[in-house]
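Chemist: Here you go, one structure.
The values are calculated or read from the model by the stated rules, or taken from the named source; none is laboratory data. Computed from a predicted model, the values in this text were never measured in an experiment. When we count neighbours, we look across all protein chains shown, and the Cβ atoms used for this are built from the backbone with ideal geometry, even at glycine.
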Amino acid sequence: MKTYAKILIVIVCLTAVVPAVQAEAPLAERLPAGSLAYVGWAGRSLPFDGSNLGQLLQEPALGKMLATLKKSIDEIPDKTPAHLWEIAGVAWQHPMAFSLMDISPGQGDIPMVSAVLLMDLGKDKAVFAKNLDAVITNSGVRFTPATVGQTNCRVLKTPLGPLTIGYKGNMFFLTVGEQTAQKLLAVKAASSLKADKAFIARRKGIAGDDEQMAFSIDLAKLSPLITKMMNLVDGGAKNNGAGGGKVTKIINALGLGKITSASGSTRIVDKGLHSRSRIVTPAPHRGVLSLLAGGALTDADLADAPDDAILLCASKLSAAAVYAEILSVASKIEPGTENTILKGVAQVEKELGISITKDILANLGDTWTLTSASSLGGFGTGTVLSVSVKDSAKLSAAIGKVEAVFREKTGANDRTARRSRRGGPPTLEVMKSGKVEVHYLQGLGRDMPIAPAWAISKGKLYFAMWPQVVVAAAENGARKPLIRNAAFLKLRSSISSKPATLTYINTPSIVRSFYNFALLGWTVGSKELARELRLDTYPKVDWLPTLPKIEKHLSPEISAVSADATGITIESYGSLPLVSNYISSTLTTAPITAAILVPAVQRAQVQAKRASSKANLRGIGQAIAMYQAENRNAPPGLVVLVERGLIWSGALVSPVSGRRMPTDNKGLPIGKSDYVYIVHKSRAAGNLIRCYELPANYDNKGTSALMVDGSVRWLDMATFKAMLAKSIAQ
């Protein structure tokens with residue numbers, strides 16, 4: 001294993017135990033001010049252990065499962081996994097914090113960073129230190145003893161910068177970067193992150209009592225650093241289509257470029273997890289952010305959801321506006337894409353005989369709900385999507401035209417032919433129940449045991465996987481609505497009163513719905529688990545907790561997204577972390593992710609294009625050989641190879657340049673080729689160039705060349721010039 005790979009393993013092992021999402025703001029008083037990105041975790045505490053999540057983690061069944069896994073790990077000859085297990089077991093129970101202080105261009109694909117990881121180990125310092133030393137020893141990485149101030153440390157040179165580890169009292173620290181350890185160990189209360197006014201401002205309205213987790217990102221400072229770094233990757237500053245220029249364009253097109261900061265906090269409230277995140281970005285919210293910035297939902301918008309709803313997701317969203325935003329984003333990312341999309345839509349409209357924008361999108365309202373309930377057909381199967389309708393008559397007429405085209409193309413109007421045709425296309429059927437008329441597709445096949453259905457009723461368009469579900473949703477007058485459920489109302493009071501998007505999940509009901517499958521799966525899976533882990537005894541069937549023991553730790557979950565002139569707020573409350581909690585993390589860490597991935601991705605793209613260009617040269621070489629075999633002399637140029645059908649015109653353009661080759665009415669190339677063909681004065685032999693790619697495609701740093709012997713090589717510029725002069729002279 002290479003040294004740097006071993007270094008990476010050590011770093012990952014130490015940082016992986018820090019939650020990748022919202023974490024608390026402990027240890028901020030020990031970190032330097034000016035953090036670009038901060039993540040922290042409060043560790044185990046009385047509030048956490050008393051929470052639903054904390055109690056669920058303390059269930060004996062989970063302890064038995066972890067003990068079995070630990071036994072399997074202990075039996076591995078390489079003891080590194082066992083030491084990592086011990087490190088993780090200590091780390092998650094103690095306060096931790098990570099801070100990114102700086103990031104700048106480095107050498108090659110690896111940036112230079114200044115970052116800190118802290119852990120307050122308390123009485124478990126000795127156990128942690130013993131296992132960390134074992135991991136480092138087993139990895140073969142050699143640290144150099146050093147002293148920072150009066151603190152003994154160990155230092156390792158890495159491509160990211162000096163990596164320093166050590167202990168100050170019971171506090172473990174890991175730093176990366178020049179002078180980072182010195183800055184960390186010199187922190188005083190007045191110069192700490194806790195006293196940083198910008199950090200305090202970002203957390204205003206977010207933090208609260210019993211914080212368990214928190215994060216804070218200063219994108220106003222971080223984004224320019226990332227952009228500068230990306231612009232230096234593979235000539236990005238010179239080439240607008242490479243490096244940071246392209247990524248910045250995508251981020252801006254997605255509406256993420258104006259985000260200045262993001263902060264979040266998760267607190268323990270009434271045994272549940274209350275999360276609140278704030279993305280600071282000025283209105284109007286465009287791109288993906290427009291999906292979170294609709295109008296405020298009202299009780300009337302949620303009235304269709306029945307009292308026994310297992311899942312409810314409601315949103316204020318204009319379909320026409322979303323379509324326009326898609327076109328806008330596409331055109332900003334790649335000019336001309338908008339016209340391509342419009343041409344495709346126009347072709348579909350011509351076949352259907354309707355205007356998608358005028359007849360469909362313009363007649364849809366802005367209130368969307370996705371509901372799943374036992375009274376509608378059970379969780380999953382009883383799921384229905386509905387959207388408000390502006391003009392039912394016009395929308396019905398448009399859908400009718402689409403149905404007519406379907407019948408015509410599938411022969412659905414010919415009932416005799418339909419009956420005699422087994423395994424043919426699906427048929428369009430109609431089901432009537434009272435005033436509700438449902439249209440649905442029947443006969444999609446054994447692999448698709450569904451019958452997609454739709455209906456317009458009471459100013460709404462309903463869609464479900466079966467017609468019975470549509471009818472149940474449309475005829476909901478006798479059911480008690482969810483908005484009158486006392487438990488739901490209490491849950492809803494914990495979040496914004498005017499959300500643009502609201503999600504409700506009845507977690508206990510979902511667990512009840514799937515507990516039978518869990519029993520079957522664990523009964524069979526426990527034996528397979530023993531086989532995979534090579535255990536002497538099988539995990540017992542009774543390790544799976546009883547349903548009441550699981551349910552007592554669960555409660556329904558709710559989340560909401562709301563927008564205003566200065567940003568977007570995401571809130572949630574429940575017994576378990578929700579996926580919706582992490583929307584802000586995904587959006588705000590996009591630039592950071594780009595900074596890490598773009599250099600490697602850009603390099604991979606360049607290598608892939610270079611390889612593709614070499615393939616073009618090999619194809620040209622094969623075409624030249626075929627021409628010579630037929631004519632007993634070399635071709636006069638590359639165009640004749642296209643004319644003879646030995647290569648196609650596109651092979652004369654390198655994927656590196658990204659140009660298109662214009663052709664005449666015969667399909668012959670009339671533009672400038674990316675490849676230069678050399679007609680030798682005499683019969684060529686030896687180490688000579690036959691054809692080469694324009695060096696300008698690689699900023700004149702080198703190029704790919706087809707040799708006379710048929711091989712293709714990459715030549716640096718000095719070698720290329722020398723060989724080119726020799727080749728032209730022959």
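Chemist: Quick one: in segment 133-148, of everything that is surrounded by 12 or more Cβ atoms within 10 Å (Cβ to Cβ) and without any contact (Cβ under 8 Å) to a residue 60 or more places away in the chain, which residue is nearest to His83 (Cα to Cα)?
Modeler: Ala134
Chemist: Another question, then. Please determine, by comparing only the residues of segment 610-634 that are among the basic types (Lys, Arg) and either touching a helix residue (DSSP H, G or I) at 6+ places or on another chain (Cβ under 7 Å) or surrounded by fewer than 17 Cβ atoms within 10 Å (Cβ to Cβ) (or both), which one is nearest to Tyr698 (Cα to Cα).
Modeler: Within segment 610-634, the match that is nearest to Tyr698 (Cα to Cα) is Arg618.
Chemist: Where residues in segment 388-398 are surrounded by fewer than 18 Cβ atoms within 10 Å (Cβ to Cβ) and aliphatic (A, V, I, L, M), which of them is nearest to Asp308 (Cα to Cα)?
Modeler: Ala393
Chemist: Here's something else I'd like to know. Which of the residues spanning segment 362-375 are surrounded by 18 or more Cβ atoms within 10 Å (Cβ to Cβ) and either without any contact (Cβ under 8 Å) to a residue 60 or more places away in the chain or under 16 Å from Lys458 (Cβ atoms) (or both)?
Modeler: Asn363, Leu364, Gly365, Thr367, Trp368, Thr369, Thr371
Chemist: Next question. Which of the residues belonging to segment 300-310 are buried (at least 20 other Cβ atoms within 10 Å of the Cβ) and either more than 18 Å from Leu364 (Cβ to Cβ) or polar (S, T, N, Q) (or both)?
Modeler: The answer is Leu302, Ala305, Pro306, Ala309, Ile310.
Chemist: Further question: Any residue at all in segment 110-132 that's outside any loop (DSSP other than H, G, I, E, B), surrounded by 20 or more Cβ atoms within 10 Å (Cβ to Cβ) and of a type in the set (Gly, Ala, Ser)?
Modeler: yes
Chemist: Give me the pairs, please: first residue somewhere in segment 110-132 and assigned by TED's automatic domain parsing to the domain that holds Leu185, second residue anywhere and of a type in the set (D, E, K, R), beta-carbon distance under 7 Å, and either six or more positions apart or on two chains.
Modeler: From segment 110-132, the pairs are Val113/Asp102; Ser114/Asp102; Leu118/Arg30; Val127/Glu86; Asn131/Glu86.
Chemist: Continuing with this model, one more query. Does Thr340 satisfy the criteria of being surrounded by fewer than 15 Cβ atoms within 10 Å (Cβ to Cβ) and of a type in the set (S, T, N, Q)?
Modeler: For Thr340, the condition - surrounded by fewer than 15 Cβ atoms within 10 Å (Cβ to Cβ) and of a type in the set (S, T, N, Q) - is met.
Chemist: Shifting gears a bit: Which of the numbered conditions does Gly645 fail, given that it passes all the others? Conditions: (1) more than 21 Å from Asp709 (Cα to Cα); (2) outside any loop (DSSP other than H, G, I, E, B).
Modeler: (2)
The rows are residues; the columns are (1) touching a helix residue (DSSP H, G or I) at 6+ places or on another chain (Cβ under 6 Å); (2) of a type outside the set (A, V, I, L, M); (3) crowded, with 18+ Cβ neighbours inside 10 Å; (4) part of a helix (DSSP H, G or I).
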site: Leu256; (1), (2), (3), (4): yes, no, yes, no
site: Ser263; (1), (2), (3), (4): yes, yes, yes, no
site: Ser275; (1), (2), (3), (4): yes, yes, yes, no
site: Pro282; (1), (2), (3), (4): no, yes, no, no
site: Gly294; (1), (2), (3), (4): no, yes, yes, no
site: Thr298; (1), (2), (3), (4): no, yes, no, no
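Chemist: Scan Asp124, Asp133, Asp78 and give me the residue that is acidic (Asp, Glu) and within 29 Å of Glu211 (Cα to Cα).
Modeler: Matching residue, one of Asp124, Asp133, Asp78: Asp124.
Chemist: Is there a residue in segment 696-718 that is more than 42 Å from the chain's Cα centre (by Cα), buried (at least 18 other Cβ atoms within 10 Å of the Cβ) and part of a strand (DSSP E or B)?
Modeler: The answer is yes; a qualifying residue exists.
Chemist: A follow-up question, please. Could you look through segment 14-32, keep only residues that are assigned to a helix (DSSP H, G or I) and either modelled with pLDDT under 50 or of a type in the set (Gly, Ala, Ser) (or both), and pick out the one that is nearest to the chain's Cα centre (by Cα)?
Modeler: This residue is Thr15.
Chemist: What single numbered condition from (1) under 24 Å from Ile76 (Cβ atoms); (2) in contact with a Lys or Arg (Cβ under 8 Å, 6 or more places away or on another chain) fails to hold for Tyr167?
Modeler: (1)
Chemist: Can you go through Lys460, Lys432 and tell me which one is under 26 Å from Ile310 (Cα atoms) and at pLDDT 90 or above?
Modeler: Of Lys460, Lys432, the one residue that is under 26 Å from Ile310 (Cα atoms) and at pLDDT 90 or above is Lys460.
Chemist: Turning to a different aspect of this structure: Sort out which residues of segment 163-186 are assigned to a loop (DSSP other than H, G, I, E, B), within 13 Å of Val148 (Cα to Cα) and not polar (S, T, N, Q), and write them in order of number.
Modeler: If the condition is that a residue be assigned to a loop (DSSP other than H, G, I, E, B), within 13 Å of Val148 (Cα to Cα) and not polar (S, T, N, Q), then Glu178, Ala186 are the ones that fit.
Yes/no matrix, rows are residues, columns are (1) under 30 Å from Gly257 (Cβ atoms); (2) in a helix (DSSP H, G or I); (3) among the acidic types (Asp, Glu); (4) at pLDDT 75 or above:
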{"residue": "Thr503", "(1), (2), (3), (4)": "yes, no, no, yes"}
{"residue": "Pro539", "(1), (2), (3), (4)": "no, no, no, no"}
{"residue": "Ile583", "(1), (2), (3), (4)": "yes, yes, no, no"}
{"residue": "Thr593", "(1), (2), (3), (4)": "yes, yes, no, no"}
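Chemist: Can you spot a residue in segment 436-445 that is assigned by TED's automatic domain parsing to the domain that holds Trp368, acidic (Asp, Glu) and either within 20 Å of Ser375 (Cβ to Cβ) or under 34 Å from the mean Cα position of the chain (by Cα) (or both)?
Modeler: No: segment 436-445 contains no residue that is assigned by TED's automatic domain parsing to the domain that holds Trp368, acidic (Asp, Glu) and either within 20 Å of Ser375 (Cβ to Cβ) or under 34 Å from the mean Cα position of the chain (by Cα) (or both).
Chemist: Separate question: I'm trying to understand the selection: among the residues of segment 304-341, which are at pLDDT 85 or above, within 23 Å of the chain's Cα centre (by Cα) and of a type outside the set (A, V, I, L, M)?
Modeler: Cys313, Ser315, Tyr323, Glu325, Ser328, Ser331, Lys332
Chemist: A follow-up question, please. For segment 465-491, give me the residue count where each residue is out of contact with any Phe, Trp or Tyr (no Cβ under 8 Å at 6 or more places or on another chain) and either assigned to a helix (DSSP H, G or I) or among the aliphatic types (A, V, I, L, M) (or both).
Modeler: Selection size over segment 465-491: 12.
Chemist: Hey, among the residues in segment 178-212 that are in contact with a Gly (Cβ under 7 Å, 6 or more places away or on another chain) and either crowded, with 22+ Cβ neighbours inside 10 Å or not assigned by TED's automatic domain parsing to the domain that holds Met101 (or both), which one's nearest to Cys153 (Cα to Cα)?
Modeler: Top of the filtered list is Asp196.
Chemist: Can you name the residue in segment 656-674 that is touching a helix residue (DSSP H, G or I) at 6+ places or on another chain (Cβ under 6 Å) and within 13 Å of Leu694 (Cβ to Cβ) and is also modelled with the highest pLDDT among such residues?
Modeler: By that ranking, first place goes to Ser673.
Chemist: Only one of these conditions is not met by Ser35: (1) touching a helix residue (DSSP H, G or I) at 6+ places or on another chain (Cβ under 6 Å); (2) farther than 27 Å from Leu160 by Cα; (3) among the polar types (S, T, N, Q); (4) not in a helix (DSSP H, G or I). Which number is it?
Modeler: (2)
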